[in-house]
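A.B. asks: Dropping a structure here in structure tokens format, bear with me for questions.
The values are calculated or read from the model by the stated rules, or taken from the named source; none is laboratory data. The model shown is predicted, which means the values in this text are computed figures rather than measured ones. Neighbour counts run over all protein chains shown; Cβ positions are idealised from the backbone, glycine included. Remember, those area values only see protein heavy atoms, side chains included, never the ligands or the DNA or RNA. Shrake-Rupley method; radii C 1.70, N 1.55, O 1.52, S 1.80 Å.
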Amino acid sequence: MARMRMNQAIAAAIGDEMRENPDVVTFGEDVAVAGGPFKTSDGLLEEFGPLRVRDTPIAEMGFMGAAVGAAATGLRPVAEIMFVEFLGVALDQLVTEAAKFNYLSGGTVRVPMVMRASVGAGLGFGCQHSQVMESWMVGSPGLKIAVLSGPGNAYGLTRAAIRDDNPVAVLEPRILYAVRGDVTTGVEGIIPLGQAATLASGNDITLVSCGSTVRTCLAAAGEADGWTADVIDLQTLQPWDTEAVLSSVARTGRLAVVEECPYSGGWGADIVAKVVSEAFGDLSAPPMRITAPDVHVPFGKELEQRYLPSAEYVTAQVGELLATGESPPHWWERDGALV
Amino acid sequence: MSSEVLARREAVRTDRTARFERMVEIRALEDAVRGLFAEGLVHGTTHTCQGQEAVSVGVAAALRPTDSVCCTYRGHGMGMALGLTPQQVCGEIMGRVVGSIGGVGGSMHLCETSIGLLPTMAIVGAGVPVAAGAALTAQVRGTDDVAVAVFGDGAANIGAFHEGINIASIWKLPAIFICENNQYGEYSPIAATTPIANIADRAVSYGIPGEVVDGQDVDAVNAAVEAAAARARAGDGPSLLEMKTYRYAGHSRSDTAPYRPAGEFEKWYERDPINTFGARLVAEGLLADGEPEKITARVTEQVDAAVAEVKTADSPGVASMFENVLV
């Protein structure tokens, strides 16, 4: 067990995998000499040298393609996309090449690459550097998607992603890089992909979270008055842990999915659909989604905080659901909300 | 199947007569594909490479089975040049289990790792950075393998071309970028999309060698790729080779190429890569008078038999669509 920031936990995970496996390499913009723009690869160049730790040009299509080719021929590249928005110019390589090579080779070519990207709002970077964009990937078969929620699972999920024989996208909420926490290092710290973590237990509702909304939900459950909640951190969005969610809902009878992304096309819609389809009889209230509105991430500090689902908002929405038995309107749908 | 593929791979590497036969085989299969469409036996589309056989075979002849090749959706010729059998290619075109990936890919998707053929890519330019990555593997592992991207002239105008070659150059990767300039990007003549006469000139901006090669001459292609491979294996970095060639057919099955100026095809056909190479082998005494014609008749018969065999093969079952999605 060690205490570290999330960015240090990521660097530790990559370093430990590089130490154990000479096929692991890492590259991206300012990953090597600078140790990463978010210091997620600090010290790796010094330890592993320029053959395995490289700075790339600002050319996401090029170096994501290089990751695909390297992975297809035996390496385990960890390619860093500085802001997930930059993946837009490289999406072909991830969803149309990497995700399909195993299929298009009759199972003979594996692409064990990791695409790491910082995601999310809260730091005032404006609407082109604040999105999460899971929706670019969740509908792409052949990819796994892990989302970090703090130092604790950052280490374990990153190591699992590097070890996985499929292409894995690891999404890292930027707002959490500096958060400190306890990290179980070593192989016992590895967290299998596809496994959720239940971080709090309660009786009245299941709060399903991922990435930055995990701490939001824990805070909301902590502030709750008159109700208690199961708080589930999905950790992996594709494939997601249906068993953890269904078994919790079977006990609590209520579900709220809390997402940072806009309402339309959000990953929570799949969670709700699955629960409604397979556990309708367990439900004592309509399942609810708590998300951002269908707008661009605003720049100003107050507006950005308004945009993101807060713990107070989650507490209020859940309280209303419990009191009325109906799914409450979103904040932006209420009278006077936009004045 | 694997030993036959490797034997075919080796034949092209070592025997110029085998190169002639392979070019004939590629032409025969591509011609047969037209008939398969007419019979309603091909679902979807296909992109044939008649006229470009010397590029495929010349490239394959210069490479080792451990080298990696990233190829495009116009890949039947390259696949067969590397060693895929007519059954494997035709099986994929017709979507039968005897295809190189079991009939799940179609005409645009071939793969055979035993001969270095990575999954062929149906996105223009995608293979350029992927080849850089395969070359990175060789560099990190300290082998003397090279990685090759074969792409069309159309790919020279997409961002992946620039980004992939630039990365290969700054990292001095053992890669060879081979542009098959067949004069048309889909339906558009190259002059309409590319402001310079020679794509090879772009090598200057990456600080690497660029060379224009006669893509209708299998010996010239082979020599140029061998030189680039030697340079790459020695650690001196990538090269850009532009093979000047000509696409006899349209872009895809539905394109009859009505946009081609009168006489253009005839002019290129005067230097048909198969006819000229056959004549050269006769002049050198490697083949007897009339032997190229006999080889052509024999190989065409073999290809027709292979196609007939594929027609009797099964299509993949429902289970196949759930296989190999995740490892």
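A.B. asks: Calculate the mean, over all residues of peptide B:118-125, of how many other protein chain Cβ atoms lie within 10 angstrom of the residue's Cβ.
C.D. replies: So the per-residue partner count for this stretch is 6.
A.B. asks: Which lysines, on any chain, are close to residue A:100 with Cα under 16 Å apart, when same-chain ones fewer than 8 places away are left out?
C.D. replies: Leaving aside lysines fewer than 8 places away in the same chain, those within reach of residue A:100 are A:144.
A.B. asks: Summing -39500 (n - 2.57) over the DSSP H runs of n ≥ 4 in the protein assembly as shown and dividing by its residue number, what mean residue ellipticity at 222 nm do you reach, to the nearest 500 deg cm²/dmol?
C.D. replies: -11500 deg cm²/dmol
A.B. asks: I'd like to compare B:282-294, A:179-191, B:219-231: which one has the highest average count of other Cβ atoms within 10 Å, and what's the full order after that?
C.D. replies: Going from most to least packed, we get B:219-231, A:179-191, B:282-294.
A.B. asks: Follow-up. Quick check on packing: order B:251-261, B:88-98, A:10-20, A:286-296 by the mean number of other C-beta atoms within 10 Å, highest mean leading.
C.D. replies: B:88-98, A:10-20, A:286-296, B:251-261
A.B. asks: I've got another one for you. For residue B:11 and residue B:262, what does the FRET efficiency come to when R0 = 56 Å and r is the distance between their Cβ atoms, rounded to the nearest 0.05?
C.D. replies: Rounded to the nearest 0.05, the efficiency is 0.90.
A.B. asks: While we're looking at this one, here's another question. In a shell of Cβ-Cβ distance under 13 Å around residue B:283, excluding residue B:283 itself, what net charge do Lys and Arg (+1) and Asp and Glu (-1) give?
C.D. replies: So the surrounding residues net to -2.
A.B. asks: Across the residues of A:104-116, average count of Cβ atoms on other protein chains within 10 Å?
C.D. replies: The shielding value for this peptide is 5.
A.B. asks: Hey, another quick one. Alpha carbon centre of region B:257-327 versus region B:91-132: separation in Å?
C.D. replies: 18 Å
A.B. asks: Also, quick follow-up: Please report, in debye to the nearest 20, how large the charge dipole of region B:28-127 is about its Cα centre when each Lys and Arg carries +1 at its beta carbon and each Asp and Glu carries -1 there.
C.D. replies: With only Lys, Arg, Asp and Glu charged at Cβ, the dipole is about 100 debye.
A.B. asks: So how far, in whole Å, is the C-alpha centre of region A:19-42 from the one of region A:228-286?
C.D. replies: First find each Cα centre; the distance between them is then 35 Å.
A.B. asks: Could you list which residues have their amide H under 5 Å from that of residue A:28, counting only those 5 or more apart in sequence or on another chain, with H placed in the peptide plane?
C.D. replies: When sequence neighbours closer than 5 places are left aside, the close amide H contacts are A:54, A:56, A:80.
A.B. asks: Select from A:138, B:248, B:178 the residue farthest towards the positive end of the dipole of the protein assembly as shown; place +1 on Cβ of Lys and Arg, -1 on Cβ of Asp and Glu, and compute about the Cα centre.
C.D. replies: So the residue we want is B:178.
A.B. asks: Apply the Karplus parameterisation 6.51 cos²θ - 1.76 cosθ + 1.60, with θ equal to phi minus 60°, to every residue of region A:274-279 and state each ³J(HN,Hα) to the nearest whole Hz, in sequence, with x for glycine and proline.
C.D. replies: Residue by residue, region A:274-279 yields 5, 5, 5, 6, 9, 9 Hz.
A.B. asks: Which lysines, on any chain, are close to residue B:244 with Cα under 29 Å apart, when same-chain ones fewer than 8 places away are left out?
C.D. replies: B:172, B:267, B:294
A.B. asks: Okay, moving on. If you add up the charges near residue B:246, with Lys and Arg at +1 and Asp and Glu at -1, over every other residue whose beta carbon is less than 12 angstrom from its beta carbon, what do you get?
C.D. replies: -3
A.B. asks: From the Cα gyration tensor of region A:2-189, with a ≥ b ≥ c the square roots of its eigenvalues, which class applies: rounded if a/c is under 1.5, or else prolate if a/b is larger than b/c, or else oblate?
C.D. replies: Because its axes are fairly even, with a/c under 1.5, region A:2-189 counts as rounded.
A.B. asks: Further question on the same structure: Considering only protein heavy atoms and a 1.4 Å probe, what is the carbon-and-sulfur percentage of the accessible area of chain A?
C.D. replies: In chain A, the share of accessible area belonging to carbon and sulfur is 53 percent.
A.B. asks: On the principal axes of its Cα set, how long, how wide and how thick is region A:232-339? Give whole Å, largest value first.
C.D. replies: Computed over region A:232-339, the largest-to-smallest principal extents equal 41, 33, 20 Å.
A.B. asks: In a shell of Cβ-Cβ distance under 11 Å around residue B:178, excluding residue B:178 itself, what net charge do Lys and Arg (+1) and Asp and Glu (-1) give?
C.D. replies: -3
A.B. asks: Follow-up. If we sort A:237-244, A:113-120 on the protection proxy, mean other Cβ atoms within 10 Å, highest first, what's the order?
C.D. replies: Peptide ranking by packing, descending: A:113-120, A:237-244.
A.B. asks: Taking accessible area as the heavy-atom solvent-accessible surface of the protein chains with a 1.4 Å probe, which residues of region A:130-165 lose no less than 30 Å² upon going from the isolated chain to the full protein assembly?
C.D. replies: A:142
A.B. asks: Just report the Cα centroid separation between region B:218-256 and region A:134-159, whole Å.
C.D. replies: Value for the Cα centre distance between the two parts: 40 Å.
A.B. asks: Also, I was wondering about something else. Would you mind working out the magnitude of the charge dipole of chain A relative to its Cα centre, with +1 at each Lys and Arg C-beta and -1 at each Asp and Glu C-beta, to the nearest 20 Debye?
C.D. replies: 480 debye
A.B. asks: How large a share of the accessible area of region B:188-261, in percent, is made up of carbon and sulfur atoms when the probe is 1.4 Å and the other protein chains stay in place?
C.D. replies: With neighbouring chains kept in place, the figure for region B:188-261 is 54 percent.
A.B. asks: What residues qualify as long-range amide H neighbours of residue A:145, i.e. H under 5 Å apart, gap of 5 or more or another chain, H built at 1.01 Å from N?
C.D. replies: Under 5 Å from the amide H of residue A:145 lie the amide H atoms of A:169, A:237, A:238, each far enough along the sequence or on another chain.
A.B. asks: Next up: Could you check the simple spin-label distance between residue A:320 and residue B:3, using points 7 Å along Cα→Cβ, in nm with one decimal?
C.D. replies: 7.4 nm
A.B. asks: Next question, about the same structure. Assigning unit charges at the beta carbon (Lys, Arg +1; Asp, Glu -1) and nothing else, what dipole magnitude in debye, to the nearest 20, does the protein assembly as shown show about its Cα centre?
C.D. replies: In total the dipole reaches around 580 debye.
A.B. asks: Right, another one. Per residue of B:108-117, count partner chain C-beta atoms within 10 Å of its C-beta, then hand back the mean as an integer.
C.D. replies: Partner-chain Cβ atoms within 10 Å, mean over residues of B:108-117: 3.
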